[in-house]
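Beneath this line is the structure, given in structure tokens, with notes to follow.
The values are calculated or read from the model by the stated rules, or taken from the named source; none is laboratory data. Quantities reported herein were computed from a predicted structural model and do not represent experimental measurements. Reconstructed Cβ throughout: ideal geometry from the backbone, glycine too, with neighbour counts over all protein chains shown. In case anyone asks, the SASA skips ligands and DNA or RNA and just uses the protein heavy atoms, side chains included. Shrake-Rupley method; radii C 1.70, N 1.55, O 1.52, S 1.80 Å.
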Amino acid sequence: LKGVTFGNNTFVAVGQSGKILRSTDNGSSWDNSTSPITENLYGATFGNNNFVAVGSGGKIVRSTDNGTSFDNASNTSSLLYGVTFGNNTFVGVGQNGEIVRSTDNGSTWNDAISPITTTLFGVTFGNDTFVAVGANGKIVRSTDDGSSWDNSTSTITTDLKGVTFSE
């Protein structure tokens, strides 16, 4: 398993070969969810009563039934490692600086303009700002709901694999 998220009193975990598991009892027991793909899934998030997961081959899947089943939402060209939700916008990040966004609950996805070509591994949302991190210490941010992104100053050159926000 590569990623996990929580929403609507449900945990959803995603991983190898399109595996998706869900728990409605605080992680005590897990059931298989219906997955439409066999590619690896690396990240998952929850927003507006939808679960969204991203992975290899640019696969994006979503669930509108509390994680019971998932269907193909979209397919981009690059491997996607991370996904998050904020301000009614889903944002996914991945290989070669790929950034995609959806403003219709994950039904359709569009490319955002990325300022880098370095792989991005993680993304989060907080204080009306999306922040993504990646290889070689790269950090990018968006203050317009993921439409445009700019570089942030980073003092390191090692890979950053994840980022989070908490209030």
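I'd like to check something: does the stretch 62-70 contain any residue that is in a strand (DSSP E or B), more than 14 Å from the chain's Cα centre (by Cα), surrounded by fewer than 21 Cβ atoms within 10 Å (Cβ to Cβ) and not hydrophobic (A, V, I, L, M, F, W, C)?
Yes, because at least one residue in the stretch 62-70 is in a strand (DSSP E or B), more than 14 Å from the chain's Cα centre (by Cα), surrounded by fewer than 21 Cβ atoms within 10 Å (Cβ to Cβ) and not hydrophobic (A, V, I, L, M, F, W, C).
Of all the listed residues (49, 88), the sole one being out of contact with any strand residue (DSSP E or B) (no Cβ under 7 Å at 6 or more places or on another chain), modelled with pLDDT of 95 or more and within 24 Å of residue 113 (Cβ to Cβ) is 88. Looking across 83, 123, one residue alone is under 16 Å from residue 141 (Cβ atoms) and assigned to a strand (DSSP E or B). It is 123.
Residue count for the stretch 129-167 under the criterion of being more than 17 Å from the chain's Cα centre (by Cα) and of a type in the set (D, E, K, R): the result is 5.
Contact annotation: residue pairs with Cβ atoms under 6 Å, 6 or more positions apart or on different chains, pairing a residue in the stretch 124-152 that is over 19 Å from residue 110 (Cα atoms) with a partner that is of a type in the set (Asp, Glu) and surrounded by 14 or more Cβ atoms within 10 Å (Cβ to Cβ), are 135/159. Tallying residues that are open to solvent by 60 Å² or more (accessible area, probe 1.4 Å) and either among the aromatic types (Phe, Trp, Tyr) or touching a Ser or Thr at 6+ places or on another chain (Cβ under 8 Å) (or both) within the stretch 47-56 yields 1. Do we have any residue at all in the stretch 128-148 that's in a loop (DSSP other than H, G, I, E, B) and aromatic (Phe, Trp, Tyr)? No, the stretch 128-148 has no match at all.
Filtering the stretch 122-167 to residues that are open to solvent by 60 Å² or more (accessible area, probe 1.4 Å) and within 21 Å of residue 2 (Cβ to Cβ) leaves 138, 158, 159, 161, 164, 165.
Close contacts from the stretch 100-121, counting a first residue that is in contact (Cβ under 8 Å) with a residue 24 or more places away in the chain and open to solvent by less than 30 Å² (accessible area, probe 1.4 Å) and a second that is among the basic types (Lys, Arg) and part of a loop (DSSP other than H, G, I, E, B), with Cβ to Cβ under 6 Å and a gap of 6+ residues or different chains, come to 116/138.
Selection over the stretch 86-98 of residues that are on the phi < 0 side of the Ramachandran plot and either of a type in the set (S, T, N, Q) or under 8 Å from the mean Cα position of the chain (by Cα) (or both) gives a count of 6.
Residue count for the stretch 57-79, restricted to those that are touching a helix residue (DSSP H, G or I) at 6+ places or on another chain (Cβ under 6 Å) and at pLDDT 90 or above: 1. Of all the residues in the stretch 133-156, those that are in contact with a Gly (Cβ under 7 Å, 6 or more places away or on another chain) and closer than 19 Å to residue 81 by Cα number 1.
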